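The values are calculated or read from the model by the stated rules, or taken from the named source; none is laboratory data. Keep in mind it's a predicted model, so treat the numbers as computed, not measured. Quick reminder, even Gly has a Cβ in these numbers, built from the backbone with ideal geometry, and neighbours come from all protein chains shown. Calculation scope for accessible area: heavy atoms of the full protein, side chains included, ligands and nucleic acids excluded. Shrake-Rupley method; radii C 1.70, N 1.55, O 1.52, S 1.80 Å.
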Number of protein chains: 2
Amino acid sequence: MGEFELLAKVRARLPPAGPRLRLGSGDDAAVTVPGGATATSVDALVEGVHFRRDQAGLAAIGRKALATALSDLAAMGAAPGEAYIVLGVPPDLSEEGCLELLDGAAALAADTGTALAGGDVTRAPVLTLAVTVVGHAPEPERLIGRGGAGPGDLLVLTGEIGGAAAGLLLLDDPALGRELSEETAGLLRRRQLDPTPRLRAGQALAGAGATAMIDLSDGLGGDAAHLAEASGAGVRIDAAALPLSKGVAEVAAAAGREPLPLACAGGEDYELLAAIPPERLGDASIAIGEAAEATLTRIGEVVAGSEAEIRLPGGKPIDAPGFDQLDR
Amino acid sequence: MGEFELLAKVRARLPPAGPRLRLGSGDDAAVTVPGGATATSVDALVEGVHFRRDQAGLAAIGRKALATALSDLAAMGAAPGEAYIVLGVPPDLSEEGCLELLDGAAALAADTGTALAGGDVTRAPVLTLAVTVVGHAPEPERLIGRGGAGPGDLLVLTGEIGGAAAGLLLLDDPALGRELSEETAGLLRRRQLDPTPRLRAGQALAGAGATAMIDLSDGLGGDAAHLAEASGAGVRIDAAALPLSKGVAEVAAAAGREPLPLACAGGEDYELLAAIPPERLGDASIAIGEAAEATLTRIGEVVAGSEAEIRLPGGKPIDAPGFDQLDR
């Protein structure tokens with residue numbers, strides 16, 4: 001199979017051009033008429049670094065690659081627009097495998113209203129995906145960066161954390177789930193393998209007046225520090241308020257770990273951490289409720305200074321620096 | 001060195017935000033205010049497939065990765081806007097090496113008025129680059145796809161071809177250049193290692209009324225076939241009219257190859273092939289002259305049918321199917 005044949009088969013799976021996407025895959029470039037402001041993010045996933053083919057099916061790998069890229073758009077409060085996928089194909093991946101992987105991404109694209117608008121296919125020593133996503137907003141001010149939080153803002157968190165870290169432990173050693181029902185263990189594995197980009201929640205928080213927002217890819221500890229640094233402020237998080245996914249405590253105990261540090265340092269939950277002025281919290285809660293995607297929990301506040309602290313009841317800080325992927 | 005430290009050093013090299021790029025690297029996504037229409041293209045380069053580190057310096061690899069991506073924008077007639085670079089870093093590439101590579105891309109970005117707006121860095125088994133470029137035009141009709149050529153249009157070519165193929169032969173076996181001056185051999189190697197995206201020429205041709213356009217990445221034979229197929233027409237190219245780079249004939253002879261088939265099948269010249277109505281050829285020539293980037297040569301015409309033929313004087317066709325990268 002050659003590049004052109006595979007690209008033709010891929011193209012047959014893509015949606016037709018629409019009002020914004022005027023010319024899709026198959027030309028030198030895709031043509032769009034964006035209007036307003038755009039948010040653009042690129043993300044790479046490499047076999048052996050970010051995933052293992054023996055732990056996740058090909059469709060799940062394709063789906064997660066797009067999900068993690070879209071999560072960056074969610075963190076900007078952008079509406080998803082177009083996605084472009086570069087696929088590095090190793091010698092042992094068949095044409096059917098490539099299409100299964102792209103079908104996984106295409107299913108999430110359809111779920112989220114994202115147009116797969118183009119891509120590139122090349123040989124590579126290991127399965128490699130690079131995903132570019134473009135999101136849209138009526139004006140640049142409606143896109144929320146990491147740097148706008150100020151002292152007095154509240155910190156809110158969508159959904160629950162720790163599930164992806166516990167799921168990864170379970171994938172590496174299923175015996176750690178011996179205290180869990182099969183359903184709970186399955187949900188934890190899915191938190192690792194099939195994260196949900198909080199696109200509706202992100203747009204709701206942006207619309208409700210969030211001053212800064214970030215998605216939890218590196219872990220709450222690290223990502224809270226990123227938000228604090230970009231905002232030139234400190235953040236103080238109350239560990240007792242953190243909503244942990246069901247089963248995290250059991251898996252942590254079985255692994256000889258403390259659940260809160262595991263949840264705060266583990267990464268890959270892809271929930272949103274946002275700063276919001278206290279008087280906007282009501283609006284945000286209503287908007288999140290209407291988006292019906294995830295709960296919203298108040299977990300702390302923005303303070304003067306520059307430190308990101310997660311404190312246990314009694315004041316002891318948790319050491320959860322967030323992982324640094326190159327050092328992982 | 002970790003991902004965050006490297007990203008911080010990379011970021012310090014990037015240009016500040018401007019009127020279109022409101023928020024650059026360092027947040028979850030870059031924020032732009034495009035206006036009009038955008039052309040978006042992604043391209044991947046993998047060590048051992050597209051380049052060898054022993055044949056090209058790191059700065060040259062970074063520069064070529066961006067150049068080949070920008071060439072797709074040139075082929076749309078788009079003005080270059082933003083670029084996003086994913087870097088897969090192998091174990092034997094140092095932080096200094098990464099920065100040298102990105103400096104190479106940044107130099108071409110500065111030369112072409114492209115803003116390096118973001119990226120991602122990850123570990124990878126071999127050096128891997130995925131480049132996303134976004135170009136701009138006042139309206140979607142000003143972006144020229146491959147599919148608009150009709151019978152009666154003339155085919156024009158920017159610059160010269162064959163140089164990149166001859167340069168690759170020289171890189172693999174320097175002895176093939178024994179009949180050449182060092183200057184000519186050096187120019188041929190540069191055609192392979194440091195291609196020039198024909199951005200000004202592409203915009204000039206789009207403005208002059210080109211009906212279809214493609215850049216020569218796969219070789220004239222293959223790329224002319226792509227243009228013909230997308231346009232639902234045939235193309236007939238006069239091989240005697242083709243402008244070959246100086247030294248191609250000598251390298252081909254030393255390698256026991258015919259120069260015209262080598263030039264037509266070799267690929268990577270990154271010149272533009274455009275279809276244009278005869279009455280617009282004068283405007284196009286003037287516009288290309290003003291762009292002062294490359295010559296413009298009339299090489300054939302668009303005809304009824306579906307075949308892409310390159311004919312020698314006397315009518316014998318050249319077999320130059322263009323390479324298919326996965327089969328390379």
Tilt relative to chain B, helix B:163-172 - C-alpha long axis, 0 to 90 degrees, to 10: 60
Gyration tensor verdict on region B:47-198 (Cα atoms; rounded if a/c is under 1.5, prolate if a/b is larger than b/c, oblate otherwise): oblate
At 1.567 mPa s and 4 °C, Stokes diffusion of region A:174-246 via Kirkwood alpha-carbon radius, µm² per second: 87
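Would you mind putting A:161-167, B:131-137, A:305-311 in packing order, based on average other-beta-carbon counts within 10 Å, highest first?
Details: A:161-167: 30.1, B:131-137: 27.9, A:305-311: 18.0.
Result, highest mean first: A:161-167, B:131-137, A:305-311.
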For the protein assembly as shown, alpha-carbon Rg and Dmax in angstrom: 26.1, 92
Per residue value of the accessible surface for chain B (all protein chains in place, 1.4 Å probe), Å²: 37
Positive-end residue of B:I237, B:P317, B:S306, charge dipole of region B:235-328 with Cβ unit charges: B:P317
Kirkwood hydrodynamic radius of region A:194-328, from inverse mean 1/r over distinct Cα pairs, in Å: 15.4
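For chain A, what is the convex hull (Cα atoms) projected area averaged across all directions, in square nanometres? Don't skip to the end; give the middle numbers.
Working: hull surface 67.6 nm².
With every direction weighted equally, the projected area is 16.9 nm².
Can you tell me the FRET efficiency between A:S181 and A:E96 if r is taken as the Cβ-Cβ distance and R0 is 41 Å, rounded to the nearest 0.05?
Details: r = 35 Å, r/R0 = 0.84.
According to the calculation, E is roughly 0.75.
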Heavy atoms of B:V42: accessible area, 1.4 Å probe, square angstrom to 10: 10
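What shape does region B:116-184 take by its C-alpha gyration tensor, where a ≥ b ≥ c are the square roots of the eigenvalues and a/c under 1.5 counts as rounded, a/b above b/c as prolate, and the rest as oblate? Don't skip to the answer; put the middle values down first.
Numbers: a/c = 3.00, a/b = 1.18, b/c = 2.53.
Because a/c hits 1.5 or more and a/b fails to exceed b/c, region B:116-184 counts as oblate.
Evaluate E = 1/(1 + (r/R0)^6) for B:K246 and B:D283, where r is the Cβ-Cβ distance and R0 equals 45 Å; express this FRET efficiency to the nearest 0.05.
Details: r = 29 Å, r/R0 = 0.64.
Given R0 = 45 Å and the Cβ-Cβ separation, E is 0.95.
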Cβ neighbours within 10 Å from other chains - mean over A:306-316: 0
Copy-to-copy label separations for A:D319, where each label sits 7 Å from Cα toward Cβ, in nm and ascending: 6.9
Leading residue at positive end of dipole, chain B (Cβ point charges), from B:G207, B:V133, B:H50: B:G207
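Treat every Asp and Glu Cβ in chain B as -1 and every Lys and Arg Cβ as +1, leave all other atoms uncharged, and give the resulting dipole magnitude about the Cα centre to the nearest 20 debye. If you can, show how the numbers build up before the last one.
Details: 26 positive and 46 negative charges, 77 e Å.
Roughly 380 debye, rounded to the nearest 20.
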Mean separation of Cα contacts under 8 Å, 6 or more apart, over the residue count of region A:178-318: relative contact order %: 41
Cβ-placed point charges (K, R +1; D, E -1), dipole of region A:80-173 about Cα centre in debye, nearest 20: 360
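Is region A:220-289 best put as rounded, prolate or oblate by its Cα gyration tensor, with a ≥ b ≥ c the root eigenvalues, rounded for a/c under 1.5, and otherwise prolate when a/b is larger than b/c, oblate when not? Provide the component values of the computation, followed by the final result.
Numbers: a/c = 2.61, a/b = 1.56, b/c = 1.67.
Cα axes put region A:220-289 in the oblate bin.
If contacts are Cα pairs under 8 angstrom and at least 6 residues apart, what is the relative contact order of region A:92-218 in percent?
Normalised by residue count, the contact order of region A:92-218 is 30 percent.
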Calculated over region B:136-261: convex hull of Cα atoms, volume per residue (Å³): 115
Principal-axis tilt of helix B:220-231 within chain B, Cα atoms, nearest 10 degrees: 90
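Probe radius 1.4 Å, ligands and nucleic acids ignored: give me the carbon and sulfur share of the accessible area of region A:87-202 as a rounded percent.
Working: 2140 of 4210 Å².
On region A:87-202, the fraction of accessible area on carbon and sulfur atoms equals 51 percent.
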Helix B:3-12 axis, angle to chain B major axis (alpha carbon atoms, nearest 10°): 70
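Quick one: putting +1 on the C-beta of Lys and Arg, -1 on the C-beta of Asp and Glu, what dipole do you get for region B:123-217 around its Cα centre, in Debye to the nearest 20?
Values: 9 positive and 11 negative charges, 56 e Å.
Taking the Cα centre of region B:123-217 as origin, the dipole is about 280 debye.
Can you tell me, using C-alpha contacts under 8 Å and at least 6 residues apart, the relative contact order of chain B as a whole percent?
Values: 775 pairs, mean separation 71.7, N = 328.
Computed value for chain B: 22 percent relative contact order.
Is it possible to state the helix-based mean residue ellipticity at 222 nm for chain B, with each DSSP H run of 4+ residues giving -39500 (n - 2.57), the sum divided by total residues, to the nearest 500 deg cm²/dmol? What is it?
Working: 10 runs with 116 residues, N = 328.
Calculated mean residue ellipticity at 222 nm is -11000 deg cm²/dmol.
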Among B:P277, B:A225, B:G256 - extreme Cα towards positive end, dipole of region B:205-328, charges at beta-carbon: B:G256
Accessible area buried at the B-A interface, both sides summed, 1.4 Å probe (Å², nearest 100): 4800
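Provide the FRET efficiency to the nearest 0.05 for the A:V33-B:E290 pair, computing r from the beta carbons and using R0 = 22 Å. Could the numbers behind the result be given before it?
On the way: r = 28 Å, r/R0 = 1.29.
About 0.20, to the nearest 0.05.
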